[in-house]
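Before any comments, here is the structure.
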């Protein structure tokens, strides 16, 4: 499957606007053809789009951080319950704060039985309404992870609603009302996790039990650990919804993939290639805390770098024939799940959840040609590519 060319008049205006564009990939190719680091005056950031440059940035842990030094928590939520959760997240911290819980979460995620996860996600999906389809993209993976964390089946829909409210605080596009709802949801979720960890031992086989078992003694009472359990749900929400939706679009666009979608292995391959070819996370940022030179370009303390991960995935130096959607690749490489210290330890879980979600959707026998005829757009976002089906 090849991406159709984008005309100059249809080009995105900048790398952030590209996230919601129907076809940003020709624009990304133009970025890669430019300087290794390109200054964007409108966004006030350096832009990296080549795979080798982005890898260098992601590995420069000491000088480049995931948050600005002067604003570890976004000002809009600082001092609120949502801000407390955000401030504890390992993916939003560096150094000691990053290492406090990441190893335990990493070991817990690595020990998951992905076959059991897939089966459980399919069971959860049976109770998720498939209309509207755009909402099901979020509900299937979030409810599956909530169940995996130990929430009872009757609580899954409420956890889903709280999480949909909470993730609004992660977007710079959120309104004051959305930020307030996010703080209410953050408080509720922290309380529910306190109950799960304090009342009775978590159910054996749950991700919650594994995370607590891998943590230090007494970690069950740690606010930081509780916040990172909320973080597992929040990462699932947008990123896995986008991966599931974009995998469905791959099937809609290319009928030749539908034969592969008749088997679990085929669906898994579609999801994993979608994660490279049309990922759910298109960019991320790093912030210089001291002078550093990247790809011959000197950065000053305070400079911001926008890493266009989706452009790097299609760098021909990173993946041969990058614009072709290929179910079988000798070495599939992608940066959408990060790299180095901040590489996402939940990559296998995310792909398994998206594959189970796609399997559940296809079991309802949707009219894929009708979905294509109606079309889709993308949710307003600065970095997440999540389709809205019309």
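Quick notes on this one:
- For the range 279-302, the set of residues classified as under 17 Å from residue 44 (Cβ atoms), more than 28 Å from the chain's Cα centre (by Cα) and assigned to a loop (DSSP other than H, G, I, E, B) consists of 300 only.
- Of all the residues in the range 121-145, those that are assigned to a helix (DSSP H, G or I) and under 17 Å from residue 241 (Cα atoms) number 17.
- Within the range 366-378, residues that are outside the structural domain of residue 16 (by TED's automatic domain parsing) and farther than 11 Å from residue 390 by Cβ have Cβ atoms under 7 Å from residues that are in a strand (DSSP E or B) and modelled with pLDDT of 95 or more in these pairs: 378/387; 378/388, counting only partners at least 6 apart in sequence or on another chain.
- Candidates 35, 74 - the one that is touching a residue at least 40 places away in the same chain (Cβ under 8 Å), in a loop (DSSP other than H, G, I, E, B) and not assigned by TED's automatic domain parsing to the domain that holds residue 380: 35
- Residue within the range 131-146 that is surrounded by fewer than 21 Cβ atoms within 10 Å (Cβ to Cβ), at pLDDT below 95 and in contact with a helix residue (DSSP H, G or I) (Cβ under 7 Å, 6 or more places away or on another chain) present: no
- Residue within the range 178-191 that is free of Cβ contacts under 8 Å to residues at least 12 places away in the same chain and under 30 Å from residue 67 (Cβ atoms) present: yes
- Candidates are the residues of the range 303-316 that are in contact with a strand residue (DSSP E or B) (Cβ under 9 Å, 6 or more places away or on another chain) and either assigned to a strand (DSSP E or B) or free of Cβ contacts under 8 Å to residues at least 60 places away in the same chain (or both); the one that is surrounded by the fewest Cβ atoms within 10 Å (Cβ to Cβ) is 304.
- Verdict on residue 97 being outside any loop (DSSP other than H, G, I, E, B), modelled with pLDDT of 90 or more and surrounded by fewer than 21 Cβ atoms within 10 Å (Cβ to Cβ): no
- Only one of 250, 211 that is under 30 Å from residue 369 (Cα atoms) and buried (at least 17 other Cβ atoms within 10 Å of the Cβ): 250
The values are calculated or read from the model by the stated rules, or taken from the named source; none is laboratory data. Treat the numbers as computed from the prediction; the structure is a model and nothing was measured. Every residue, glycine as well, gets a Cβ built from its backbone with ideal geometry; the counts of neighbours run over all protein chains shown.
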